[in-house]
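Peer 1: Below you'll find the structure I mean.
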Amino acid sequence: MEKKAVVIAGAGSTHTPGIIQSLLQKKQELPLRKLALYDIDEQRMNLVYDIMRQFIEQEAPDLDVVVTTDPETAFTDVDFVFAQIRQGGLAMRSSDEKIPLRYGCVGQETCGAGGSISYGIRSIPGVFGIVEAAKKYSPDCWILNYSNPAAVVAEATRREFGNERILNICDMPTAILLSYSKMLNLPSWRDLDPCYFGLNHFGWFTEVYDKQGVDRLPELREMILNQGMAVSDRHHKDPDWMHTWAQYVEIVKDYPEYLPNSYLQYYLYSQDMAAGMDPNHTRADSVINGREKEMFAEHEAYLADPANYKSPVQSFTVFGDFIVDAAASIAYNKAERYLVIVENNGAIPNLPDDAMVEVPAYVRSWGPEPVRRAPISTFYKGLIEEQLASEKLAVDAYFEHSYQKALEAIAINKTIPSTTVARKILDDLIAANGDFWPELH
């Protein structure tokens, strides 16, 4: 197989070690000739590289590794761009979460006024910069985008670039499949073939087939209702995630037809969720005190004894494995079936063709081929169209520099009780985002 060159854009992320681990552990599926790490934060990027240097040298001693803050150096002569940027860092994530909570509304990383609209508008120019650099220096490369909020980013890139050679993905449905596979005593999430529909962080599993063609969803439903959800890894065992899995059971009790994406808790139970959140200490603070501190502690261990330092090996590899598997499917036209974010074009026949939906697709060298399904029923269609409108209005607000469109995006979001509250949140978000947002008129 022809070797490929990959650049990780946003290489200072705590997720980067997992991607590097997956790339090198899957070097038979996606053999590499070059790995580039790129970030505008040189200090964080170098920290991540220090932590993973020993693993890279052990697993791929002859690999050409480039660590750079220069876009031309990073994006020249690459086959794949793995984008996972976070505009504004964790400080702005904290702001996104805490501002809606001031007014009794859900404050979450990728949901609601802060996570979907604020973070979405802030992310668009950063993702555009990555896409523009990639297309300038490697016009034939594929861009696989993990950057959140994926639904808003996907809609923005669709309008600006037509999503040509861009594939927006999210690992959350795959992480849920991993839990399902554990519950069914299957070796891997790859042993399940799901049918799924919705938007990113806003969808449902309708069937979950095993390799014998048996739909295991009814069995999973009963297991969830009677035993709860299996926890897939240690990161999903912290108090925030344990609450999520408990709430997951409640969603299945109330809406038992399909199995949900866990993020639906923020929309279907928004007042309950907001009431249980601490406006002074949100998930962002937990990440800063958890994953961030762990990464800095690893770097301290490296600095104390570089010659004998061993890179950490992660047991939870869905995030890295999924993006590497998707890239390999494109690179070698494997036509593997994955849940990805694509332009609808009739895949869900009673949703707009230009909606960016999350559905199963066969990922080929020319891109994803979505699996079409029957029309969805009124309840799901109504929920999706409301959320889709919020996401599209957020992108309108960015392109048009429109205060009115931003207000409408927040007001129509299911996590917001009234226009009065929407306006207060919007005004606070404008002040907090500063130059990260365009000036709204």
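Peer 1: Identify the residue in segment 92-141 that is among the hydrophobic types (A, V, I, L, M, F, W, C) and not in a helix (DSSP H, G or I) and, among all such residues, is farthest from residue 425 (Cα to Cα). Reasoning before the result, please.
Peer 2: Step one: of segment 92-141, the residues among the hydrophobic types (A, V, I, L, M, F, W, C) are 92, 99, 101, 105-106, 111, 113, 117, 121, 124, 127-128, 130-131, 133-134, 141.
Of the ones still in play, those that are also not in a helix (DSSP H, G or I) are 105-106, 111, 141.
On the way: 105: 9, 106: 11, 111: 14, 141: 39 Å.
Among those residues, the one meeting the criterion is 141.
Peer 1: Those residues that are of a type in the set (A, V, I, L, M, F, W, C) and buried (at least 16 other Cβ atoms within 10 Å of the Cβ), I need them from segment 247-287; list them, please.
Peer 2: Selection gives 251, 252, 259, 264, 268, 273, 274, 277, 284, 287.
Peer 1: Just checking, how many residues over segment 192-233 are more than 24 Å from the chain's Cα centre (by Cα), of a type in the set (Gly, Ala, Ser) and closer than 27 Å to residue 112 by Cα?
Peer 2: Summing the residues that are more than 24 Å from the chain's Cα centre (by Cα), of a type in the set (Gly, Ala, Ser) and closer than 27 Å to residue 112 by Cα in segment 192-233 gives 1.
Peer 1: Answer yes if at least one residue in segment 240-249 is touching a helix residue (DSSP H, G or I) at 6+ places or on another chain (Cβ under 8 Å) and in a strand (DSSP E or B), and no otherwise.
Peer 2: Taking every residue of segment 240-249 in turn, none turns out to be touching a helix residue (DSSP H, G or I) at 6+ places or on another chain (Cβ under 8 Å) and in a strand (DSSP E or B).
Peer 1: Can you name every one of the helices (runs of 4 or more DSSP H) wholly within segment 365-441 that holds 2 or more residues which are under 25 Å from residue 198 (Cα atoms)?
Peer 2: Correct list: 378-400, 403-411.
Peer 1: Let me ask something else about it. Can you tell me which residues in segment 14-60 are over 19 Å from residue 312 (Cα atoms), in contact with a helix residue (DSSP H, G or I) (Cβ under 6 Å, 6 or more places away or on another chain) and either free of Cβ contacts under 8 Å to residues at least 60 places away in the same chain or not in a loop (DSSP other than H, G, I, E, B) (or both)?
Peer 2: Matches in segment 14-60: 36, 38, 39.
Peer 1: Ok, one more. Out of 257, 222, which single residue is outside any helix (DSSP H, G or I) and farther than 30 Å from residue 143 by Cβ?
Peer 2: 257
Peer 1: Within the group 381, 405, 392, which residue is among the basic types (Lys, Arg), buried (at least 18 other Cβ atoms within 10 Å of the Cβ) and closer than 29 Å to residue 337 by Cα?
Peer 2: 392
Peer 1: Within the bounds of segment 79-86, is there any residue that is under 25 Å from residue 401 (Cβ atoms), in contact with a strand residue (DSSP E or B) (Cβ under 7 Å, 6 or more places away or on another chain) and assigned to a strand (DSSP E or B)?
Peer 2: Yes, because at least one residue in segment 79-86 is under 25 Å from residue 401 (Cβ atoms), in contact with a strand residue (DSSP E or B) (Cβ under 7 Å, 6 or more places away or on another chain) and assigned to a strand (DSSP E or B).
Peer 1: A further question follows. Looking at segment 142-173, which of the residues that are touching a strand residue (DSSP E or B) at 6+ places or on another chain (Cβ under 6 Å) and assigned to a loop (DSSP other than H, G, I, E, B) is nearest to residue 322 (Cα to Cα)?
Peer 2: 169
Peer 1: Check whether at least one residue in segment 75-88 is farther than 28 Å from residue 437 by Cα and basic (Lys, Arg), and report yes or no.
Peer 2: no
Peer 1: Within the set of pairs 6 or more residues apart or between chains, which connect a residue that is closer than 16 Å to residue 203 by Cα inside segment 343-367 to a residue that is modelled with pLDDT under 95 with Cβ atoms less than 9 Å apart?
Peer 2: 343/163; 356/163
The values are calculated or read from the model by the stated rules, or taken from the named source; none is laboratory data. A quick note: this is a predicted structure, and the numbers were derived from the prediction, not measured. Counting neighbours? That spans all protein chains shown, and the Cβs are built from the backbone with ideal geometry, glycine included.
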